[in-house]
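Worksheet: one structure, shown below.
The values are calculated or read from the model by the stated rules, or taken from the named source; none is laboratory data. Note that the structure is predicted; figures quoted are calculated from it, not measured. Glycine gets a Cβ as well: all are built from the backbone with ideal geometry, and neighbour counts include every protein chain shown.
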Amino acid sequence: MKTVHIIPLIIFLASCTHDYFPTTGNENTLICMNARLNTADTLHKVQIKGSDVNRTISMTGAVVTLQVGDAPSDTAQVRSDGFAYFNRTIKAADIVTLSSGNASATVSGLQVPDGVILDASYSLTGKKATVKARIRRNPDTDNLYILQLVTHQHAIRDNDKEVLLDRMTIYPLNLESYPLQKYPRMFLVDSDAFGDGDSCDITIEGDTDFLRGYNTHSMSNKFLRIDDNKQVFEPESYTRTVLFCVRISALNRDDYWTLRYLVDDPAYALGPNLNGVLSMLPLESIPRTYPGNVSGGIGLVSVRSALEIPIAKWVCNYDINNYDNPDATPLPLQ
Amino acid sequence: MRRTITVLLSLAICIQMNAQSTLKEGMEMLRQQYGISYIYDSSLPILRSYDGDRLNAGTLQENLSRLFSGSGIDFIVKGRQVILKKKRTLSLEANYSLSQPELLDSSVVVDWRMPILTHPESGALGITRLTVEQAPVLLGEKDVLKTLQMLPGVQAAAEGYAGISIRGGYSDESLILLDGVPIMQADHFMGLFSIFPAESVAEATLWKGNFPARYGGRASGIVDLQSASGNRDKWRGGFSVGLLSDRFHADGPIGNKLSLSASGRVLHTFLAQPVTALMDKAGNYWFYDLNARLDWYLSDNDRITLSGYNGYDLLDLHENWYEYEHRYDENYAAYNIRTNKYDKSRYGWGTSTAALSWRHRDTGRTTLAFSNSRMRTYSDTRWEYDTDGVKTGKYRNCGAATSLTGIILRTDWNIGIFSYGGEYTRHYLRSDGLSSLNTETSSEGKTTSLPSTVVKPETIPANEAAIYADASIPIGSAVCINPGLRLSLFESLGSIRIHPEPRLSVKWRSGDGWEADAGYSRMVQYFHRIPSGYSSFPTDFWHPVSGNVQPLISDQISLCGRYEGLPGWELSAELYYKMQSGVVDYIDSYAPLGTSQAHWSGSVASGKGSGMGMELMVRKTSGPLTGWLGYTLSGSTRVYPEGTINNGIPFPSSTDRRHRINFCATWAVNEAVDITLAWTFASGSPITMPLRSTAIYDESRKYEDAVRYIDYAPSRNNFRLPPIHRADISVNLRKPLKRGERIWTIGLYNLYGANNPDFFRYMKTSDTIIGSDFYYPDKPEGTPFLRTVSYLLVIPTVSFSRNF
């Protein structure tokens, strides 16, 4: 039950409502194409959805075409997860064109200035992990960046050195599921973060399991493999390495503002009551119209160039015959 | 002999009677005897016979009393002028737009124009306190800005609200001056009322174009308000009790050289504040206004005035709710969690001004002034969690404050046909930033707190200066050319901007009632206050231009034709075209409270705007029935070529309302009763309306699907609200008392209950939740629609006023 006590001094003698259904003139399904291509990655994913008046639909099977510079184009089909995957190398200066159906977008990226990350470190105290990064201000750019924690995981079987796992995972670095956020938009860097200085310090603290270590039991399932006879087997023993890196990617303004919309909690602007008041008052806040650069469709495609700095490394030996293998702790890089 | 004496006596009597047989003749006798002149309305019954005492004994005051006793005419002596009016009309000063009547040298008989609209200067439109007091308004809160909204070319920022938009400009493009001091926050309660109740203002002058060179700093319009000066003859005052507020005013002389005027207004809810502040579950809102003015008449030619305003709004919001959920953990074990949430927020905002000015005749004025506009707010939120008996908690406190302070020095002089002057303002924009304190309480009772400064405090000084000169050059008897130039300078954050602002107007007057004006004005604006919604909120604050945000430059061409040849009527037509550069808007978002100047600069886009329109008006200016009918046809657009707003495609401005009709008529039934009827029609405002659903890539989530489903609006201001129309009526019932008068005001706002949208919200249909207020079985589930709520329906007004 929600009780709201608000006392505007308007006399509510009676009220009347009326509903208006706008006619769009276009009731067809539009392709919604979103992609955040990063020069530090080789695997890129492009999100494709269908946009109707009242719902968003799956576009599994739709064909997406990627053109990078003058190289021959690639095509891929949208999978059940809503993404089409491409394995390509992209540089910041490349002209990239993505298209699907009637929708297409042509973009290129912003170069991340060299040495933009002055320092990055990781420390662990008990259950509390701290990641720090110092970002240098560039006088010639908007200084719009996103910081992300990237883990590069490798698992190699000890006897024959077969690669069992080679995965890169990007974490948003805002640790939104954890309390005690010091800076609500901590993984977004903008002019506010610098103030009058030439650099800004980003510090993230939290009780984070994934930075503490990997429980062997919970991770063992990730190395299950299926042989040709569809039998499940596990490797005997292997060495697993996780490299933790801080990645900084340069954003253009559209990219930055889309992220701001997603992570800005209006409650950060003084509590949900402001929003509650705004939603009650005559003429609400102007709804957001998200930036888009997809012609013939909806969505935002961008290319980000990135730099990565490793901050910690975790190494663990796994033995299928020894379930009591203690958890290892990520070690700061020397 | 007896016959001779009788004839002589009769002759003497006749001579006496003939010499004083009419009021007019008696007036002429006194004029010759005392060297005075009269100012009066031609409709006064001065030709009625005078049957009183002889008029050659006693003082001027005594003779005037004898002459007009029982005639229904009242008088006031100002120097060598005697102003006449009908008894029981409101204050003499309110009836006339003469700034210094004591300086007139000759008898003037003017057409009686009901003091509703005046033309104090060419290109300007004036309203008096009488106009404001007669206009029917919401809940009887007589309001200067809401009365101005009844004029062509002026509209409210939103239906029923006080913020004004002049010729399509945003509300921050209108300069509002109170005794020469710029008012940066002119609204109460999100714009429902302005800070200018009727008692505080003697007259208001509106410029929509052809701006004199002495005005600058805003792009689209000027509202120049003059506070009421105190009566120099006797003390008078009054109070008023309405449905919403209580008001008082008092003015009178202090000795021979001083006069004082003071007025105030406060909401009834102010009385409840001590109680509601102690209660957890009660909110409150109140505001007050205080105006005061002290005039020191050094001589007939010099006067020093000290005037000031102080007003404050306070809004307390409390929200309590609880929620009970049944959840499953990662092992699929069930647990229950109850959440209690307590939220308390306070928003306070206000304005203070003070002005000390020296006026020398009508040739010069120098003013030193101070203005401050401020906003402070905090929010306390507490969550209490009970998870199967395990108690934890969370607490968050946020606070922010901003203020804009100005110290102004200004001087204006007239010599012959030339006017010149200058002004300097030192601005201080202070933001206390945004700070928060987050506290968590674990199940063991351990508390961890984390204070943080989300946005750092900052103070930004700025300097703004201008010098100007213009001339009024007659060419023949019919034409007058007014060239002018204003040079403005703005310095802030290390950058200096200098802009010339040329002004030119040509006026033509024929001898048979025809007038025409044509003019060009450039206005430059160095501060912006972008609304985060469609109306103004106290959290929308001013920011100076800086970085890549350029000043707003507005060039306007206007043509005006007026015909006053028909006695008691005035017809006018105006055309204008406006081009603007440097208009700013938020980039598809709004800036959070307490945002820094640097961040604000990065969150807005600069673009171009344009507007054009035609304003027609017919006025009836004399007789018991007066008023006006106005029609405005206008349009305004904006475009942001760099593509950050609406992908660089032009879109209609939120102030673009194509048609507007204003009708206002006042019927003075008799001296005790007047009735005012107003009717307004306006095209709907454009708003941004989501039209479909779509997905957005959300990498902020830690899950792999990285998708968030949102409502998609293809462009800015892509949907137009339905037109609004409304009739209001107000009746003033006056009764003269032994001392002063009593006035009952009864009215109805929105007479026939037109369903104009006062709120709106975006919603989606359901075809499954039967009985819900968004159930539409014939629409697909999730179809977006706009629901408007009209609550200002047939709102009665009753207020009691007592003047003495």
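Can you find, within segment B:750-768, the residue that is surrounded by the fewest Cβ atoms within 10 Å (Cβ to Cβ) among those that are of a type in the set (D, E, K, R) and in a strand (DSSP E or B)?
For segment B:750-768, the residue satisfying everything is B:R761.
Scan segment B:790-799 for residues that are touching a Ser or Thr at 6+ places or on another chain (Cβ under 8 Å), at the interface with chain A (Cβ under 7 Å from one of its Cβ atoms) and not small (G, A, S) and jot them down.
Listed by number, the residues that qualify are B:Y791, B:L793.
Which condition number does B:H427 fail, the rest of (1) within 14 Å of chain A (Cβ to nearest Cβ); (2) in contact (Cβ under 8 Å) with a residue 12 or more places away in the chain being met?
Here B:H427 meets the rest and fails (1).
Need pairs with beta-carbon distance below 6 Å; first residue at pLDDT below 80 and within segment B:24-43, second basic (K, R); sequence gap 6+ or separate chains.
Nothing qualifies.
Condition first: in contact (Cβ under 8 Å) with a residue 60 or more places away in the chain and either away from chain A (no Cβ under 14 Å) or in contact with a Pro (Cβ under 7 Å, 6 or more places away or on another chain) (or both). Can you find one or more residues in segment B:378-385 that meet it?
no
What's the number of the only condition in (1) away from every other protein chain (no Cβ under 13 Å); (2) farther than 22 Å from B:K78 by Cα; (3) touching a residue at least 12 places away in the same chain (Cβ under 8 Å); (4) of a type in the set (A, V, I, L, M, F, W, C) that B:V266 fails to meet?
(1)
Looking at (1) hydrophobic (A, V, I, L, M, F, W, C); (2) within 8 Å of chain A (Cβ to nearest Cβ); (3) surrounded by fewer than 20 Cβ atoms within 10 Å (Cβ to Cβ), which one does B:F774 not meet, given that it meets all the others?
So the condition that B:F774 fails would be (2).
Could we say that B:S171 is closer than 20 Å to B:G264 by Cα and of a type in the set (G, A, S) here?
Judged against the criteria, B:S171 is not a match.
Enumerate the pairs (first residue in segment A:297-318 and within 14 Å of chain B (Cβ to nearest Cβ); second residue anywhere and buried (at least 23 other Cβ atoms within 10 Å of the Cβ) and acidic (D, E)) with beta-carbon separation below 6 Å, excluding pairs fewer than 6 apart on the same chain, so at least 6 apart or on different chains.
Qualifying pairs under 6 Å: A:S302/A:D255.
For residues that are at positive phi and out of contact with any Leu (no Cβ under 7 Å at 6 or more places or on another chain), tally how many sit in segment B:744-798.
Total satisfying the criteria: 2.
So which residues in segment A:65-82 are out of contact with any Ser or Thr (no Cβ under 6 Å at 6 or more places or on another chain) and farther than 19 Å from A:S302 by Cα?
Once the filter is applied, which keeps residues that are out of contact with any Ser or Thr (no Cβ under 6 Å at 6 or more places or on another chain) and farther than 19 Å from A:S302 by Cα, segment A:65-82 yields A:P72, A:Q77, A:R79, A:D81.
Name the residue that is farthest from B:L625 (Cα to Cα), counting only residues in segment B:643-686 that are part of a strand (DSSP E or B) and of a type in the set (G, A, S).
My answer is B:A682.
Test of understanding: among B:R802, B:R787, which residue is at pLDDT 80 or above, more than 10 Å from chain A (Cβ to nearest Cβ) and in contact with a strand residue (DSSP E or B) (Cβ under 8 Å, 6 or more places away or on another chain)?
Sole residue among the options that is at pLDDT 80 or above, more than 10 Å from chain A (Cβ to nearest Cβ) and in contact with a strand residue (DSSP E or B) (Cβ under 8 Å, 6 or more places away or on another chain): B:R802.
Any idea which residue in segment B:627-642 is nearest to the other protein chains (Cβ to nearest Cβ), counting only those that are of a type outside the set (S, T, Y) and in a loop (DSSP other than H, G, I, E, B)?
In this case the residue turns out to be B:E642.
Determine which single condition A:S285 fails, assuming it passes every other condition in (1) under 23 Å from A:I248 (Cα atoms); (2) modelled with pLDDT under 80.
The one condition A:S285 does not meet is (1).
Any residue that is touching a Gly at 6+ places or on another chain (Cβ under 9 Å), within 30 Å of B:P502 (Cβ to Cβ) and of a type in the set (A, V, I, L, M) - is there at least one of those in segment B:348-364?
Looking through segment B:348-364, at least one residue is touching a Gly at 6+ places or on another chain (Cβ under 9 Å), within 30 Å of B:P502 (Cβ to Cβ) and of a type in the set (A, V, I, L, M).
What is the residue count in segment B:441-468 for residues that are of a type outside the set (S, T, N, Q) and more than 26 Å from B:P544 (Cα to Cα)?
5
For segment B:644-679, give me the residue count where each residue is within 14 Å of chain A (Cβ to nearest Cβ) and either closer than 21 Å to B:Q155 by Cα or surrounded by 15 or more Cβ atoms within 10 Å (Cβ to Cβ) (or both).
10
Among (1) among the hydrophobic types (A, V, I, L, M, F, W, C); (2) within 14 Å of chain A (Cβ to nearest Cβ); (3) under 24 Å from B:I675 (Cα atoms), which single condition is B:F759 missing?
(3)
Is it the case that segment B:438-451 has a residue that's under 24 Å from B:W358 (Cα atoms) and touching a residue at least 40 places away in the same chain (Cβ under 8 Å)?
To start, the set of residues in segment B:438-451 that are under 24 Å from B:W358 (Cα atoms) comprises none.
No, segment B:438-451 has no match at all.
The rows are residues; the columns are (1) without any contact (Cβ under 8 Å) to a residue 60 or more places away in the chain; (2) on the phi < 0 side of the Ramachandran plot; (3) touching a helix residue (DSSP H, G or I) at 6+ places or on another chain (Cβ under 8 Å); (4) among the hydrophobic types (A, V, I, L, M, F, W, C).
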| residue | (1), (2), (3), (4) |
| --- | --- |
| B:K142 | yes, yes, yes, no |
| B:P152 | no, yes, no, no |
| B:D172 | no, yes, no, no |
| B:D179 | no, no, no, no |
| B:I195 | no, yes, no, yes |
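Where residues in segment B:549-588 are within 14 Å of another protein chain (Cβ to nearest Cβ) and surrounded by fewer than 22 Cβ atoms within 10 Å (Cβ to Cβ), which of them is modelled with the highest pLDDT?
Once the filter is applied, the top-ranked residue is B:V549.
Let's see how each residue does on (1) at negative phi; (2) modelled with pLDDT of 90 or more; (3) more than 9 Å from every other protein chain (Cβ to nearest Cβ):
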position	(1), (2), (3)
A:C32	yes, yes, no
A:T42	yes, no, yes
A:V46	yes, yes, yes
A:D52	yes, no, no
A:T65	yes, yes, yes
A:G69	no, no, yes
A:A76	yes, yes, yes
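Checking the conditions here, which among B:S229, B:S220, B:S240 is over 17 Å from B:S200 (Cα atoms), touching a residue at least 12 places away in the same chain (Cβ under 8 Å) and buried (at least 18 other Cβ atoms within 10 Å of the Cβ)?
Details: B:S229 fails: over 17 Å from B:S200 (Cα atoms); B:S240 fails: over 17 Å from B:S200 (Cα atoms).
None of the others qualify; the one that does is B:S220.
Let me confirm something: among B:R497, B:R529, which residue is of a type outside the set (G, A, S), in contact with a helix residue (DSSP H, G or I) (Cβ under 7 Å, 6 or more places away or on another chain) and under 30 Å from B:M375 (Cα atoms)?
B:R529
Run down A:N143, A:N138 and say which single residue is away from every other protein chain (no Cβ under 11 Å) and modelled with pLDDT of 70 or more.
A:N138
Within segment B:406-417, is even one residue within 15 Å of B:F527 (Cα to Cα), touching an Asp or Glu at 6+ places or on another chain (Cβ under 9 Å) and assigned to a strand (DSSP E or B)?
yes
Among what's in segment B:336-359 and is modelled with pLDDT of 85 or more and crowded, with 22+ Cβ neighbours inside 10 Å, pick the residue that is nearest to B:D386 (Cα to Cα).
Restricting to residues being modelled with pLDDT of 85 or more and crowded, with 22+ Cβ neighbours inside 10 Å, the top hit is B:W349.
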